[in-house]
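The structure appears right after this line, and notes come after that.
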Amino acid sequence: MPFIRFNQIFWLLMALAFTSAFILPRFSATENIGTKASAQVRGLFAPISFPLHRLGTWTYSALFADAVADHRPDDQLRNENDYLRTELVRLTRQLEELLALNSDRELLGDLRAYCTPMAVVGSDSGNRQTLVLRPALTGRLRDGLPVICPSGLVGRLDRLGAGSGAQVRLITDPGFRLEAGFRRFVDGGDGKTKVVALASTPQLVEGLGDGRMVIRNMTDRQVKEVGLQKGDWVVLNDRDYERDLQGLKVGVITAIGLRSDAPYYARIELKPMQNLNLLREVMVFDQQ
């Protein structure tokens, strides 16, 4: 008897759920009667009517609804996926490049406001030390303008063409000359590092090629008096360059010895702070 009573209660609940789900909404919508009662009944039997509604929706979608499918050949889909992967890798790399360039520009500080960025598209494959730049859409550029990067002085603009871009003659190019001074980082005694000027008289720096420069007009005695050593910085101190560029890094001393052709004179070799041939972008100092 309890089993029969339970079945009766179950079927009664099912009937009420069916009524609340299908009959009462239509009745209340057409006759405008029992709206509140219908809502209360639906809320009471929601635990039963909701699963039934979901089951009916799924059954209809599986049996009668039009399935949306991509009927293209597998080869075409694979080619499209390969293309999208390639584009993703390319765009990701471009984003990394832009972030790196923006970070490099920030290292220039206030000098960015006086410079025009130009992309490097190649370098001279011959004996010259030059960079080839992409054409720039500006009329301010002209031959001889200083070219810099976050690591210091790069050279001067050379052979500017209307539509063929320009070249940069690097400071390491044979015969390139500039005047420079010396700086050293020392411990200030309070846990902070300070920069000390080692000599007040500018010295002539000449390009040697192959990414190297040399100073040959200092005597061995002067080098010892100043106390020059490997690792000291060489910085721009040249009146032919704008005031804002004075103190810009030129290179770092790599070797100190004696000249074979002039025993009383020293031979101080230096190189830029980085390989200038690997630069991706340079900044042309064009607002004077």
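Of all residues in the stretch 152-178, those that are in the same structural domain as LEU278 (by TED's automatic domain parsing) and aliphatic (A, V, I, L, M) have Cβ atoms under 6 Å from Cβ atoms of residues that are modelled with pLDDT under 85 and assigned to a strand (DSSP E or B), 6 or more apart or on another chain, in LEU157/ALA166; LEU160/ALA166. Just give me the residues in the stretch 159-218 being within 22 Å of PHE285 (Cα to Cα) and among the hydroxyl-bearing types (Ser, Thr, Tyr), in sequence order. Correct list: SER164, THR172.
ALA199 meets the conditions (1) closer than 19 Å to LYS249 by Cβ; (2) assigned to a loop (DSSP other than H, G, I, E, B); (3) in contact with a Leu (Cβ under 6 Å, 6 or more places away or on another chain) in every case but one. The failed one is (3).
Of LEU160, LEU133, LEU153, LEU137, all but one fail to be buried (at least 21 other Cβ atoms within 10 Å of the Cβ) and modelled with pLDDT under 90; the exception is LEU133.
For (1) among the charged types (D, E, K, R); (2) crowded, with 16+ Cβ neighbours inside 10 Å; (3) in a helix (DSSP H, G or I), each residue gets a yes or a no:
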site	(1), (2), (3)
GLU179	yes, yes, no
LYS194	yes, no, no
MET213	no, yes, no
VAL223	no, yes, yes
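Results for (1) more than 24 Å from ASP110 (Cβ to Cβ); (2) of a type in the set (Lys, Arg), shown as yes or no for each residue.
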site: LYS194; (1), (2): no, yes
site: GLN203; (1), (2): yes, no
site: ASP238; (1), (2): no, no
site: VAL282; (1), (2): no, no
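Pick from ARG280, ARG243: which is under 33 Å from the mean Cα position of the chain (by Cα) and not assigned by TED's automatic domain parsing to the domain that holds VAL223? Spell out how you get there, then give the answer.
On the way: ARG243 fails: not assigned by TED's automatic domain parsing to the domain that holds VAL223.
Residue meeting the stated conditions: ARG280.
The values are calculated or read from the model by the stated rules, or taken from the named source; none is laboratory data. Not measured: the values here are computed from a predicted model. Using ideal geometry, Cβ is built from the backbone for each residue, glycine included, and neighbour counts are taken over all protein chains shown.
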